[in-house]
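The values are calculated or read from the model by the stated rules, or taken from the named source; none is laboratory data. Model, not experiment: these values are computed from the prediction. Glycine also receives a Cβ, built like all others from the backbone with ideal geometry; neighbour counts cover every protein chain displayed. In case anyone asks, the SASA skips ligands and DNA or RNA and just uses the protein heavy atoms, side chains included. Shrake-Rupley method; radii C 1.70, N 1.55, O 1.52, S 1.80 Å.
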Amino acid sequence: MSAVAATALPRGTAAGARAGVRRELARLALPASLEMVLQSVLFLVDMVVLARLAEAAVGAVGFVNATVGFLMLALSAVGTGGAALVAHALGAGDAERARRLSGHILATGAVLGVLAALALGAGAEALAAALEPEAAAMAAAYLGVVAWGVPALLLQTLAGACLRAAGDTRTPFLVATAALAGKTALTWALAFGAGPLPALGVEGAALATLAAQAGAGAALLALLFRPASPLALAPRHLARIEAPLLRELAVLALPVAVGQGLWALGSFGYSLMYARLGTSALVASQIVAAVEGMAVRAAFGLAVAAVALVGRALGAGDVAAAREAGAASLALGFRLALVGAAGVAAAAGCLAWLYPSVPAATRALAALGLLAAAASLPVRVANMVFGNGIMRGGGDAAHVMRVDCLTVFGVGVPVAAGLGLLAGGGFLGVMAGRIVEELARFWLLTRRWRGGGWVRLAARGEERP
């Protein structure tokens with residue numbers, strides 16, 4: 001499928017157009033959602049395997065994965081913001097511009113990934129110092145290894161963003177599936193020993209993660225340069241740096257980076273609050289994050305599809321089609337959230353099987369957290385579709401950044417600190433802060449959607465270099 005063919009928009013009667021949007025939404029969203037679920041499973045593999053070593057290993061690995069994940073949120077902004085421009089270019093029928101934008105996204109990501117790896121490797125012990133001694137030692141050892149996989153992980157993320165913007169969500173999904181299969185086998189073999197392989201514990205799980213990241217990143221980059229790829233990049237698209245394109249990327253990527261960075265900083269603050277409450281609260285929070293994350297990520301594909309469909313429609317000058325794509329994404333997201341909420345609630349009864357080495361009191365705390373997470377899941381999914389999908393596809397990243405800043409630091413973190421630490425609400429008090437944050441974000445994003453201010457790319461009438 002060519003890049004231009006991938007941008008075709010549903011046409012026909014109003015009912016037929018709506019049905020076409022829903023079909024295209026499902027075609028794009030399903031592989032992307034499955035890919036994100038698989039990435040959550042990859043995270044869960046470490047948690048479940050290492051729970052058989054020690055409770056502290058669960059907290060240590062969860063803390064590191066959260067830290068790396070928060071950093072990736074900020075660094076991947078060049079792709080999540082730039083994807084809207086790639087889709088916009090394809091919607092306008094300018095495939096070469098889409099390739100040049102993709103090349104700039106990947107080149108920027110390579111530089112950022114190396115810098116991030118150096119920073120994480122040097123600061124591993126300092127970051128882990130927030131944990132209790134046993135968990136801190138494990139976290140430092142784990143982070144000291146997985147930090148070097150960040151460049152490959154970032155390039156995998158950015159290459160996937162470019163392909164999804166071009167309408168190819170299947171290739172990133174297949175690469176993620178292969179990475180999960182290899183990661184699962186390697187984690188068990190290297191953590192506990194198999195055949196000639198020694199039992200390396202936490203360090204073994206880290207090596208398995210590093211191998212999976214490196215393999216997936218290299219494979220996805222190679223596939224992106226194939227002639228049969230929707231973008232079919234050539235080396236010249238990475239080697240030639242154009243200042244006008246960098247400025248365009250910066251206009252969308254910087255607000256995304258700042259917004260995601262602020263959100264990540266707030267989430268890191270929540271993790272520190274859990275750590276201050278003790279190992280039990282920290283481990284319970286990581287269990288909730290692992291299970292809830294699978295349900296949230298199942299809806300990730302809708303945000304990916306919304307970026308592609310909204311961006312294409314606006315590139316073709318069809319604002320009505322962009323709004324139709326957004327509305328369809330929200331409707332499907334609500335249905336998926338209800339199913340996901342039921343799964344999260346059901347998982348509360350399976351913790352003894354998943355985490356047999358975790359004390360019963362910690363599992364009970366995690367079960368309460370899962371029930372609270374299930375109740376708030378529809379709001380979280382709607383916020384993802386709004387902020388990560390519709391509004392980014394419309395070029396309204398700056399407004400999403402402002403909303404993230406306000407809701408995290410003006411609402412969520414203060415409420416969590418007040419209820420969880422000052423008022424003695426503990427684990428559930430901190431969780432309440434996060435839920436209130438999501439409710440505030442939902443109210444603000446809904447107002448923006450109804451007012452139509454999120455349509456920025458079409459209104460801007462940007463010049464194409």
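Structure data summary
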item: Length released on extending from Ala331 to Ala185, taking residue separation times 0.36 nm less the Cα-Cα span; result: 48.8 nm
item: Equivalent ellipsoid semi-axes, the range 139-235, via Cα gyration tensor eigenvalues times 5, rooted, Å; result: 30, 13, 9
item: Euclidean distance between Cα centres, the range 375-434 to the range 331-354, Å; result: 20
item: Most positive-pole-ward Cα, Val296, Ala194, Phe409, against dipole of the chain from beta carbon charges; result: Val296
item: Per-pair calculated FRET efficiency, R0 = 45 Å: Leu254 and Trp353 via Cβ, rounded to 0.05; result: 0.50
item: Distance from the range 56-114 to the range 231-252 (C-alpha centre basis), Å; result: 14
item: Alpha-carbon Debye profile of the range 241-330, log10 I(q)/I(0) at 0.18, 0.21 Å⁻¹; result: -0.98, -1.08
item: The range 336-465 - convex hull of the alpha-carbon atoms, volume per residue in Å³; result: 140
item: Accessible area in square angstrom per residue, the chain, 1.4 angstrom probe; result: 37
item: Kirkwood Rh in Å, taken over the range 128-180 so that all alpha-carbon pairs contribute; result: 13.2
item: Descending semi-axes in whole angstrom, ellipsoid equivalent of the chain, from the Cα gyration tensor; result: 35, 26, 20
item: Charged-residue dipole, Cβ positions (Lys, Arg, Asp, Glu), the chain about Cα centre, Debye nearest 20; result: 1320
item: Cα→Cβ-extended label distance, 7 Å offset, between Leu439 and Ala243, nm; result: 5.0
item: Size of the range 325-403 as Cα extents on the principal axes (Å, biggest first); result: 47, 25, 16
item: Pairs of alpha carbons in the range 50-175 whose separation is greater than 18 Å (percent); result: 58
item: Trp443, Trp449, Trp454, Trp263, reordered so the largest accessible area comes first (probe 1.4 Å); result: Trp443, Trp263, Trp449, Trp454
item: Difference of contour (0.36 nm per residue) and Cα-Cα distance, Glu96 to Arg27; result: 22.4 nm
item: Neighbour count of at most 15 Cβ within 10 Å plus DSSP loop: longest GluC sites (Glu not before Pro)-free window in the chain; result: 1-241
item: Folded to 0 to 90 degrees: helix 426-451 orientation relative to the chain principal axis, Cα; result: 10
item: Contact order normalised by residue count of the chain, Cα under 8 Å, 6+ apart, percent; result: 22
item: Per-pair calculated FRET efficiency, R0 = 45 Å: Ala228 and Ala375 via Cβ, rounded to 0.05; result: 0.50
item: Net lengthening on full extension, Glu125/Leu338 (0.36 nm per residue, minus Cα-Cα); result: 72.6 nm
item: The chain: angle of helix 202-224 to the longest principal axis, Cα-based, in degrees nearest 10; result: 10
item: Distance cut-off 16 Å, percentage of C-alpha pairs in the range 283-354 lying past it; result: 56
item: For the range 295-329 versus the range 122-178, the gap between their alpha-carbon centres in whole angstrom; result: 27
item: Sulfur and carbon atoms: percent of accessible area, the chain [1.4 Å]; result: 69
item: The range 304-426: relative contact order as a whole-number percent, Cα under 8 Å and 6+ apart; result: 33
item: All-pairs alpha carbon distance profile, the range 238-396, 10 Å steps from 0, percent; result: 10, 29, 30, 19, 10, 2
